[in-house]
Amino acid sequence: MKKQLENLIDVKSIMTLALTGGFIGLTCAGEITGEQFLTIFTMIVGFYFGTQIQKNKMK
């Protein structure tokens with residue numbers, strides 16, 4: 001459990017959560033459309049999980 005918490009506090013994880021929150025806020029405020037949000041969010045999540053899978057393969 002402690003190791004999972006340490007991994008969650010990783011810089012990439014914090015950036016992913018911050019960007020997700022920011023783009024959710026922009027979508028709710030009407031600054032960007034839902035389609036733009038989906039495109040950006042897909043790229044962010046894809047990058048995050050791609051790097052996590054790569055990190056696990058290297059171990």
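Annotation: amide H of Ile32 within the under-5 Å range of Thr27, sequence separation 5 or more or interchain, hydrogens built in the peptide plane. Within the accessible area of the chain, the carbon and sulfur atoms contribute 70%, probe 1.4 Å, all protein chains present. Taking packing as the residue-averaged number of other Cβ atoms within 10 angstrom, the listed peptides 41-48, 29-36 run from highest to lowest as 41-48, 29-36.
If you take the beta carbon distance between Leu38 and Gln4 as r and set R0 to 35 Å, what does 1/(1 + (r/R0)^6) give as a FRET efficiency, to the nearest 0.05? Approximately 0.80, to the nearest 0.05. The residues of the chain have, on average, 80 Å² of accessible surface per residue, using a 1.4 Å probe with all protein chains present. Per-residue ellipticity at 222 nm computed for the chain from its helices equals -29000 deg cm²/dmol, with DSSP H segments shorter than 4 residues left out and the rest contributing -39,500 (n - 2.57).
The values are calculated or read from the model by the stated rules, or taken from the named source; none is laboratory data. Since the model is a prediction, treat every value here as computed from it, not as a measurement. Quick reminder, even Gly has a Cβ in these numbers, built from the backbone with ideal geometry, and neighbours come from all protein chains shown. With ligands, DNA and RNA removed, areas are computed over all heavy atoms of the protein, side chains included. Shrake-Rupley method; radii C 1.70, N 1.55, O 1.52, S 1.80 Å.
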